[in-house]
Structure formats: C-alpha cells, structure tokens
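What follows is a set of notes on a single structure, which appears directly below.
The values are calculated or read from the model by the stated rules, or taken from the named source; none is laboratory data. Note that the coordinates shown come from a computational prediction; the quantities given were computed from them, not determined experimentally. Every residue, glycine as well, gets a Cβ built from its backbone with ideal geometry; the counts of neighbours run over all protein chains shown. Quick note on the areas: whole protein, heavy atoms, side chains included, nothing else; ligands and nucleic acids left out. Shrake-Rupley method; radii C 1.70, N 1.55, O 1.52, S 1.80 Å.
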Amino acid sequence: MRPIKDRNDFVTESLRQDRFWTQIMSEHALFIREGLPCMETALIEEARQLEEIFAGLKARADQTPSDRAAVCALNQDIIKALDRIIEFKTFVLKRMITCRLGGFNYPLLLDHIRREAIRFRANLLKLNNNIQTPLAELALEEEIFWLRIMGDHARFIAHLLDPSERPLVRRATQFGMNFETLRLQGEDLQSMLVPRDYENHLLPADMMGQPLPPGFGNLKEPFVIPRLQRFNGEVIAATMEIRDFKAVALELVETCKVLSLISPLLASHVLREAEMALADLGRIEQELNMNK
Ligand SMILES: [Fe+2]
Ligand SMILES: [Fe+2]
C-alpha cells in the first residue's frame, strides 16, 4: 500500500476534519434542543452548552495555525468535547427508546448524529496516534459509513416533508432504497475483502481493544480488487445525485416553496454533509487510482 501524501499530512487532514465537524456538532446540539419537550430544562441547558462549546471549537479551529503541536492540542480538546456530546446523545437516545422522553427527536436521528460523532472521534484518535488503516478496509469503512448516512438523510427528508408533498416524498424514499442496496453491496465486498472486520463484528463488544484469544485475528490482510474502484465510483455517483436533490430541497425550503418540517439549517446541514462525503470519497478514489 502506498499512502498518498495527503493522507499522511497530519495537520491538513486534522484541520479539514476539525473545521467541518465541530460546526456540525454544534448544529446537532441545536437540533436536539429544538426537539426536546420544553419542561426538560436540564437537557435543554446541556444542549445549549454543547452548542456553545462546539461553536467555540469551530472558531478556534478556523484560527489554528498549521503547527503540529497546536493542532494536536486542538484535536485533544475536541476529543474531550466529543466524549461529552456522545454521552449526551446516548442519554437522550436511551430515554427516547425506552419511552421516557417526549418531544420530536426521532431515535434514528439521535443514533445517526451519535454515529457521526463517534466516527469523528475515531478519526481524531487515529490521527493523533498515527494509526493507518489498510486501503481496502478504509475504502469500505468510509463507503459504508457514508452510504448509511446518505440513506438516513433521504429517509429523514421523506419523513419531515408534509405528507401532501407526494412526489417529493416518493423521490426521497427512492433515494433511501438506492442507498440501502449500495450499502448491502458494500457489506458483501467488506466480508469478501476484509474478513477481519466480519470476525471483529462477531466478538462481544467488551472484548474490543483487548488482546485477542488464540484463534482470532489470523485472517488474511485486506486487499484491493478492481471491483472496489467501480464500487467507489457508484457510491460517488449516488452521492452526487442526492447532493443535487438536497441543493434543490434547500432552495425550496429557503424560498418557502415546499410544505415541510425541515428548517433551512437542517437542509443546509445535510447538503454540507453530502459535500463532505464527496470530499472523503474523492480521497479514496485518488488512493485507489494510485494502487492500480
Ligand atoms: Fe449531522
Ligand atoms: Fe447526517
């Protein structure tokens, strides 16, 4: 495997992640707060604090110079804030799915934004500890992560549009199904090329990070096949399509031409995430091309 320069560039890659995801995390706190019942004052206050903490970290990230030590310290502080927001999302999700909390936060939305936070934290931990993932494994992890996120977005849009907006609801649902088909194909390729991921998935969660007992972890290294390149292209094409759909949706929401429960900020949030998906997938494409 020949890692491209960019992937190894700790400072550039950290700042790219930090500047994007801190803003996203701040918006997540706002979305949760808006969906909480008004008597849940403690949860509302925690959401408000998290919104501010991440807005502060975004401002700091924008001003952090390209200096290794400064970026490493920034990453550390963001990781701490992520611990807190992941705990908060977990707490709200658990209360929602045990029917002990009202309001309007879909459980899948809470799980979705927690997945985004967990992945951001994992990316920062990998950067700070210089952990490199083999290309086939990285490619499939990124693709499967984004396919699930894009599919969720499609379904959130379908469920937040007014039911009278029939053709748009249908279109959004169709996007959801397309992304699910692609995700299943990604999972097929993952167990073909990265059997270790599948084996890890079979281990109990509390054994993660522990030394593996004899017999585990002997599977062959992940490897790249030409199909992986075609798959990456298919994921990029599908993401471009939904990106364009979201751009139209944002415009409709902003000009009040569509009936929905979607705020302009939420419409722009999911559009920006599609752009980030394309940036991440483009980096994978570049590496797959170099690996030919
Ligand atoms: Fe998000
Ligand atoms: Fe999202």
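In the range 74-88, the count of residues that are within 16 Å of ligand 1 (Cβ to nearest atom) and free of Cβ contacts under 8 Å to residues at least 12 places away in the same chain is zero.
Within the range 58-65, not a single residue is over 18 Å from ARG115 (Cα atoms), within 16 Å of ligand 2 (Cβ to nearest atom) and open to solvent by less than 60 Å² (accessible area, probe 1.4 Å). Candidates ASP244, ASP197, ASP188: the one that is touching a residue at least 60 places away in the same chain (Cβ under 8 Å), assigned to a helix (DSSP H, G or I) and among the acidic types (Asp, Glu) is ASP197. Would you call THR133 farther than 22 Å from GLU275 by Cα and open to solvent by less than 50 Å² (accessible area, probe 1.4 Å)? Yes: the conditions hold for THR133. Here the range 26-43 is the region considered, the condition is being in a helix (DSSP H, G or I) and farther than 21 Å from LEU160 by Cβ, and the residue that is nearest to ligand 1 (Cβ to nearest atom) is LEU43.
Considering the range 85-120 alone, what residues qualify as being in contact with a Leu (Cβ under 7 Å, 6 or more places away or on another chain), part of a helix (DSSP H, G or I) and surrounded by fewer than 19 Cβ atoms within 10 Å (Cβ to Cβ)? Across the range 85-120, the qualifying residues are ARG95, PRO107, ASP111.
The residue of the range 112-152 that is nearest to ligand 2 (Cβ to nearest atom), among those that are closer than 13 Å to LEU281 by Cα and without any contact (Cβ under 8 Å) to a residue 60 or more places away in the chain, is PHE145.
Counting only residues that are under 23 Å from LEU30 (Cβ atoms), open to solvent by 50 Å² or more (accessible area, probe 1.4 Å), outside any helix (DSSP H, G or I) and touching a Leu at 6+ places or on another chain (Cβ under 8 Å), the range 247-292 holds 2 of them.
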